[in-house]
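First the structure, in the form of structure tokens, and then the observations on it.
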Amino acid sequence: MNNILKISSTLLALMLIGCATNPDIIIDDFESGTYNKWTVEGDAFGATPATGSYAGQQAVEGFEGKHLANSFNGGDDSRGTLISQEFTIERDYINFLLGGGMNQDTYIELVMNNESIYKSRSVVETETLQWMTWNVKEYTGQKAIIRIVDNQRGGWGHILVDQIEQSNTEKSVFMVDHELAFDADKKYILVPVDDDSPESVIALAVEGTPIGVPMYIRVAQTERIDYWIPIDIEKYKGKKVTLTFAHAKKTDKHLGDIRQSDAFNFNYDETYRPSYHHTPLYGWMNDPNGMVYYDGEYHLFFQYNPYGSRWANMHWGHSVSKDLKKWEYLPVALAPDSLGSIFSGSAVIDKNNTAGFGKNAMIAIYTSAGKSQTQSIAYSTDKGRTFTKYEHNPVLADPDIADFRDPKVFWHDASGQWVMSLATSQTITFYGSKNLKEWNKLSEFGEGIGSHAGVWECPDLIPLAYNGQTKWVLFVSINPGGPNGGSATQYFIGNFDGKTFTADKLDYPLWLDYGRDNYAGVTWNNTPAKDGRHLFIGWMNNWDYANSVPPLNFSSANTLVRELKLVHNGKHLVVANPPVAEVADLRRNAEKIGTKQVDKTYTVDKLLRDNRGAYEIEFSVKPKGTDSFEFKLVNIKGENIRFIFDLTKNILSVDRTKSGLVDFSDNFASSLIDAPLAAKDSYKIRLFVDKASTELFVNDGEVVQTNIVFPAEPYNSLVFTTDGQAIEVEDINIYNLN
Ligand code: FRU
């Protein structure tokens, strides 16, 4: 007993001596209220340390004492650097408090002999500072400096730092630059994802050489795993592959489960996987991109995150179809690079080799979204299977506009040039080029016309014929500001002379689809001349809730492919967008119900004998003298979606408030979804249902409502109701589609 006491008191004494001889060394806690210990560049950090937040900034928390270094001086757009005096490394760790943005250009860095030893960013975007630690044991006795850098404009373009100290105690729970190493001998590295975890920033390297840019992956940190994603490493077999986590936590539950595998199985609950609409196999999808027809194939590229079901890591995914009905998945076409991630754009076939990449090269024109947004090109000479990025990208640089993106390019024969429509904040700017590499501004359209309630995105300018005359139609997606909230696509009808687009005087905004879920759609380039169709596809989602919709293992589908046509609605020209004719070939096992006179209500009890939630219903309604009628789809749980025709107000409303799962977002089903409806003697209806979507086409696509739904069971009955006056419902046909 005595001995034990003696030993422990000796230990205690030793520890006390240790503390006394090795106290923490403060590099700076900014409490002097000056930057005397730093060289200050730029204006982002202000003339002196901050005392908390600046005007326009959320409350800054978690710093010590009264002062901290805060680069929000002048807002997110200001830039600057603090460079410390040289110091000698005398302890095992450097601890500091860190907050602010997690982008690549705001960081704190340890530099020795002009070499960056550590570079830290915040773990999540936050105004609450957290402890970070660098392990510097191996550098004892060496000289170093610290640089605090804010070189980022825009959202979260700032950094917060306080209490930089040398210590023998590691204060952070984060492991900075944590490395997982693999001797690659399988196809994939599988990573567990939890969609509610913050993003881990993970760099891939092969034999120490970085590959691509870091990936943002919501690696599961607690017990919960939503799904797994694969990182393709097949081509590195036999080599050393490392994943370096900018920050891993010592408490992370699954770092040890990240493993190599030859198999990547989808063993998921696929309740909401559509059966005849295009979806990504796994991962997140948004805008359709680069649609082009070539040599028997319709190409569909799309905004794609291969590492999770939420928006991040924008690549171009790739699918092809020979018939616009069935899609085949191809490998990712374009991956992020040092210019940024790959945002939306288009593709053309360069029949006359204007760019010099070869006759008939497929050339993608897309936005590189990095520090700023610029336009780049890449070409393929193997039918889109592989792309090479042009070595002198970008081809169109940022004229200092934050939203400068989504190039849609076509060959304009009359003026003998390529014409690009580009979304430039709240206008569309047209550029011309002879070779896709040098672009000159032609004109700008949009001021004072149409809806300006949000950012303009994804333009498309196409000629459409009406009665033998050619009109030009400019489509512009806008978010937010859609007629029923969030994202939607407006259009303008007018003329284009090779330089300027002039809109006819109409009652703008006009909307292509009044439903909530048809966004960022554009048309195919190079469709077969003999068929002369303008084929369109949209993203069946809305930025209002896209990042929270079920299911988990993939996100989003596209609309049906539609044919754009100019028609007269009785008042003026409008763009109709019925489904392409090919869709009718998907019909199987028609249930023909015939014609019914509906006095009050009429129910089709059972839609189909084998109803898997993927079908088309068609009929025509003659409203006769009625003021309003509706039809609704209902499932055995009573969940339903209603289509209400109000013929006194001339509005067609969709009610999805009781359609199934709705509470994943406050504004998914908060109100009716309205479309204007021209009075007609007869309404020809085609309603497409595909597990989690409804597309309603009235009178050959003159009025369209696309709305997604998440019913627990397929809707299996159809109920017609009138306000009391009889209506005639003609030729009710129901088709299984697959
Ligand atoms: C539209 C959009 C585009 C952008 C892309 C990024 O939905 O915001 O403007 O290029 O998504 O994924």
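The values are calculated or read from the model by the stated rules, or taken from the named source; none is laboratory data. Because the structure is predicted, anything quoted here is derived from the model rather than measured. Neighbour counts are summed over all protein chains in view; Cβ atoms, including those assigned to glycine, are modelled from backbone coordinates with ideal geometry.
Some notes on this structure:
- All of 717, 671, 693, 665 fail the test of being of a type in the set (Gly, Ala, Ser) and exposed (fewer than 15 other Cβ atoms within 10 Å of the Cβ), apart from 671.
- Within the range 393-433, the set of residues being of a type in the set (Val, Ile, Thr), touching a residue at least 60 places away in the same chain (Cβ under 8 Å) and within 16 Å of the ligand (Cβ to nearest atom) comprises 409, 428.
- Pairs with Cβ under 7 Å, 6+ apart, first in the range 275-292 and charged (D, E, K, R), second in a strand (DSSP E or B) and within 16 Å of the ligand (Cβ to nearest atom): 287/302; 287/303; 287/344; 287/458; 287/520; 287/539
- Hits in the range 357-384 (condition: surrounded by fewer than 18 Cβ atoms within 10 Å (Cβ to Cβ) and more than 23 Å from the chain's Cα centre (by Cα)): 358, 359, 360, 381, 382, 383
- Contacts under 6 angstrom Cβ, first residue in the range 293-318 being modelled with pLDDT of 95 or more, partner more than 15 Å from the ligand (Cβ to nearest atom) and small (Gly, Ala, Ser), 6 or more apart: 298/321; 299/384; 300/319
- Applying the criterion of at least 1 residues that are within 16 Å of the ligand (Cβ to nearest atom) to the strands (runs of 3 or more DSSP E) found wholly in the range 530-628 leaves 535-539.
- Filter result for residue 272 (away from the ligand (no atom under 12 Å from the Cβ), part of a loop (DSSP other than H, G, I, E, B) and surrounded by 18 or more Cβ atoms within 10 Å (Cβ to Cβ)): yes
- Single condition residue 408 does not satisfy, out of (1) within 17 Å of residue 301 (Cα to Cα); (2) of a type in the set (Lys, Arg); (3) modelled with pLDDT under 95: (3)
- Among residues of the range 541-558 that are surrounded by fewer than 21 Cβ atoms within 10 Å (Cβ to Cβ), those with a Cβ under 7 angstrom from a residue that is acidic (Asp, Glu) and in a loop (DSSP other than H, G, I, E, B), sequence gap 6+ or separate chain, pair up as 551/269; 552/195; 552/226.
- Scope the range 115-153; condition in a loop (DSSP other than H, G, I, E, B) and touching an Asp or Glu at 6+ places or on another chain (Cβ under 6 Å); matching residues: 151, 152, 153
- Look at (1) within 15 Å of the ligand (Cβ to nearest atom); (2) surrounded by fewer than 17 Cβ atoms within 10 Å (Cβ to Cβ); (3) of a type outside the set (Lys, Arg) and you find that residue 232 fails only one, number (1).
- Filtering 644, 685 for residues that are in a strand (DSSP E or B) and free of Cβ contacts under 8 Å to residues at least 40 places away in the same chain leaves a single hit, 644.
- Just one of the listed residues (166, 142) is surrounded by fewer than 16 Cβ atoms within 10 Å (Cβ to Cβ) and either over 29 Å from residue 309 (Cβ atoms) or in the same structural domain as residue 245 (by TED's automatic domain parsing) (or both), namely 142.
- Each residue in the range 340-360 was checked for being part of a strand (DSSP E or B) and either away from the ligand (no atom under 16 Å from the Cβ) or outside the structural domain of residue 423 (by TED's automatic domain parsing) (or both), and 3 pass.
- Filtered by the rule that a residue be assigned to a loop (DSSP other than H, G, I, E, B), of a type in the set (Ser, Thr, Tyr) and surrounded by fewer than 21 Cβ atoms within 10 Å (Cβ to Cβ), the range 460-518 gives 500, 508.
- Remark: pairs (first residue in the range 457-469, in the same structural domain as residue 534 (by TED's automatic domain parsing) and small (Gly, Ala, Ser); second residue in a strand (DSSP E or B) and more than 16 Å from the ligand (Cβ to nearest atom); Cβ separation under 9 Å; 6+ apart in sequence or on different chains) = 465/471; 465/565; 465/566.
- Count of the range 361-392 residues, restricted to those that are more than 13 Å from the ligand (Cβ to nearest atom), touching an Asp or Glu at 6+ places or on another chain (Cβ under 7 Å) and polar (S, T, N, Q), is 1.
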